[in-house]
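Student: To start, I am sharing the structure in question, which I have written as structure tokens.
Since every read-out is calculated from the coordinates, none of them should be taken as a lab result. None of these values were measured; they are calculated from a predicted model. Ideal geometry is used to build each Cβ from the backbone, glycine not excepted, and the neighbour counts take in all protein chains shown.
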Amino acid sequence: MIGKVLPTSTVYSTHFITLAKELDPRYTPPTKHGILKLMNEKKIKMTEKVARDLPPKSGSIAITHDDWSSCATESYSTVTAHFITSAWELRSVVLHTHQVQGSHTSEKIADGLKETVATWNLPDPTCVTDNAANEKKTVEILGWERSGCYGHRINLIVKHALEVPEVHKILSKCRKLVGHFHKSTSLNDCLIEKQASVFSDNEKLIRHKLIVDCPTRWNSSLDMLKRVLEQTPAIMAVANDKKINKNMLDNVKACCLSFEELTVVEDLVQILEPFQKATCILCAELNPTMCKVLVTFEKIKKILDNPNFSSVIQKVVSKMKVEICKRITDEEIPLMAAMLSPDTKNLSFLSEAERISAHQLLLQKALAVSNVNLNIKKENIETVADGHRGTSSDVLPKLPSLDSECVVQQGNVACADDEMLDDGVSSAKKMKCSDLEDWFDDVFIVHEDRVSLSVAVEKEVTSFLGSTKCVEDRDTTLLQWWQKNEFIFPRLATLARKYLAIPASSVPSERVFSLCGNLITKKRSRMRPSQVNTIVFLKMNMDLYW
């Protein structure tokens, strides 16, 4: 695997070469320069494959961006791209990982992002970043759309809510308790011994270590509290063991939670678990997440409205509600994504005034869609009923340019101007059945109705909002539904490609940190930035483009 190879000192040692010759005399270990050459050649081929999949300049794409530091005290910036292909597949690729020298000013970050976008010939992207001030200013300088990371927002909501004095005291005791077991081997051995006796009927709980929380790790406080609750019987047994050193025993006893505190921890775990679930949902990469933002926080609000919480938990809940109102504001991107999902398009969790305003926003966005990239299929008017269409031609004609400001509507099917007069034959002739005599023209008149573009778009939006999913669509994914219906709602499909591809969090770029932590170690701290970029690019895009 990339990033998990033998050190060159081992590969080129006399003993390794001798062993390789014994296994296969024909084998010659590759040289370092040969490996680098092969990697660079593979990177060029993979770059070509990625570039073929990326949307054109007239399309839409989203990027995530974040900075990280290696153990060699070198700063790097990673950019990932997210888009929906022509086959309605959600793709996530790493574009670039380059070194950032000096201070991380907004201007410097903006120059790096602009260079990445120009190198890959991308359209102006929607940028998803954390809530750092320099990241916000960077997107303002570039003039791009921006969405703040909802993973960071959830983390901040929980972090500030846990600052309630009673809860803060419990968390401090838990940290000290975990610290004692992590620092003392004798305490840890005693804990394992007690686990074997206390959890004899459930071997899965044996050898579970206590977990300490970390400010930069999301949901780590919840993990710590759940593990303390799980191991409380074993911890109590350790605290009553007379074989342990008296000072250690006193330290453990001082940090053990009382029955009242354990009750608070149980309620706290119940409150924090929905936030962990929300984090998992909004940080996924394999399916659209932005469309789930509004319903996720609506679900959390319903859970927090439980009046049966204790007084301490009520304080935490009140703080959470304040933080949610502060950090989850009315934003255009999650609202548009929610409306472009057939399951949440009616926005039933919003007020009537908010729904009307949102639907007007959808109409405005649909009117602003350019005709250039619309996919319109000609329909056979055989079975156009209940949302089912007849077989369609493979021809995908272009719509007229926006300056025409009209479409031709014949009967109940709207089509483009070039669909009518593409071979010089009058539209009336083309609309008549082939066996209808011209003698009936003065009785049966076939005519054209020209309607404004705004009316046609309004009909499309109204039809989409009023539609219901068919029974056979029950098991289809969101992108599969749009693949099936993109020719029925062409303008909305264009919007769906844009808004459904935007991730709800900047986690994709942060997931690169884990790989790089294994890549740049103390024994490989002199790796050149170009090699880091090559290895990260190959490893992160391997599954799709190798």
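Student: Which FRET efficiency value, to the nearest 0.05, is calculated for GLU74 and LYS277 with the Förster distance at 56 angstrom and r the Cβ-Cβ distance?
Tutor: Once the sixth-power term is evaluated, E becomes 0.95.
Student: So what's the net charge close to GLN270: Lys and Arg +1, Asp and Glu -1, counting the other residues with Cβ under 13 Å from its Cβ?
Tutor: For residues surrounding GLN270, the net value is -1.
Student: Follow-up. Sequence-distant or interchain residues sharing an amide H contact under 5 Å with THR129, placed H: which?
Tutor: Correct list: SER147, CYS149.
Student: Between LEU286 and ASN247, what length in nm is gained on full extension when 0.36 nm per residue of separation is reduced by their alpha carbon distance?
Tutor: Taking LEU286 through ASN247 to full extension adds about 8.9 nm, to one decimal.
Student: By how many nm would the segment from LEU205 to SER58 lengthen if fully extended, with 0.36 nm per residue of separation less the alpha-carbon distance?
Tutor: 47.4 nm is the gain from fully extending LEU205 to SER58.
Student: Given 0.36 nm per residue, what is the gain on full extension from GLU332 to GLN314 after removing their alpha carbon distance, in nm?
Tutor: Stretched fully, the GLU332-GLN314 segment lengthens by 3.3 nm.
Student: With θ taken as phi - 60° and the coefficients 6.51, -1.76 and 1.60, list the Karplus ³J(HN,Hα) couplings across the stretch 541-546 in order, rounded to whole Hz; mark glycine and proline as x.
Tutor: Going residue by residue, I get 9, 4, 4, 8, 10, 5 Hz, with x marking Gly and Pro.
Student: Taking 32 Å as the cut-off for C-alpha to C-alpha distance, list the pairs among LYS108/LYS498; LYS159/LYS292; LYS321/LYS484 that go past it.
Tutor: Too far apart for the 32 Å limit: LYS321/LYS484.
Student: Between SER13 and GLN480, what is the label-point separation in nm under the 7 Å Cα-to-beta-carbon projection?
Tutor: 5.2 nm
Student: May I ask you to evaluate 6.51 cos²θ - 1.76 cosθ + 1.60, the Karplus curve with θ = phi - 60°, for each residue of the stretch 470-485 and list the ³J(HN,Hα) values in order in whole Hz, giving x for glycine and proline?
Tutor: 6, 4, 6, 8, 4, 9, 7, 7, 4, 6, 5, 5, 5, 4, 6, 10
Student: Still on this model: Quick query: amide H of HIS96 versus all other amide H atoms, modeled in the peptide plane; which residues come in under 5 Å with a sequence gap of 5 or more or a different chain?
Tutor: VAL79
Student: Using R₀ = 25 Å, calculate the FRET efficiency as 1/(1 + (r/R₀)^6) where r is the Cβ-Cβ separation of LEU36 and LYS522; round to 0.05.
Tutor: E(calc), rounded to 0.05, equals 0.70.
Student: Once you list every other residue whose beta carbon is under 10 Å from the beta carbon of CYS190, what net charge do they have if Lys and Arg are +1 and Asp and Glu are -1?
Tutor: -1
Student: Can you report the principal axis dimensions of the stretch 31-188 using only the alpha carbons, biggest first, rounded to whole angstrom?
Tutor: 56, 47, 38
Student: Something else: Taking R0 as 22 Å, what's the FRET efficiency between ALA353 and VAL322 from their Cβ-Cβ distance, rounded to 0.05?
Tutor: 0.40
Student: When you count, for each residue, the other Cβ atoms within 10 Å and take the mean per peptide, how do 509-516, 90-97 rank with the highest first?
Tutor: 90-97, 509-516
Student: Quick one: Debye curve from the alpha-carbon atoms of the stretch 51-132 only, equal weights, vacuum; give me log10 I(q)/I(0) at q = 0.16, 0.20, 0.25 Å⁻¹ to two decimals.
Tutor: -0.63, -0.91, -1.27
Student: I'd like the Karplus ³J(HN,Hα) series for the stretch 113-127: coefficients 6.51, -1.76, 1.60, θ = phi - 60°, whole numbers in Hz, and an x wherever there's a Gly or Pro.
Tutor: 5, 5, 5, 5, 5, 5, 4, 8, 6, 8, x, 4, x, 8, 9
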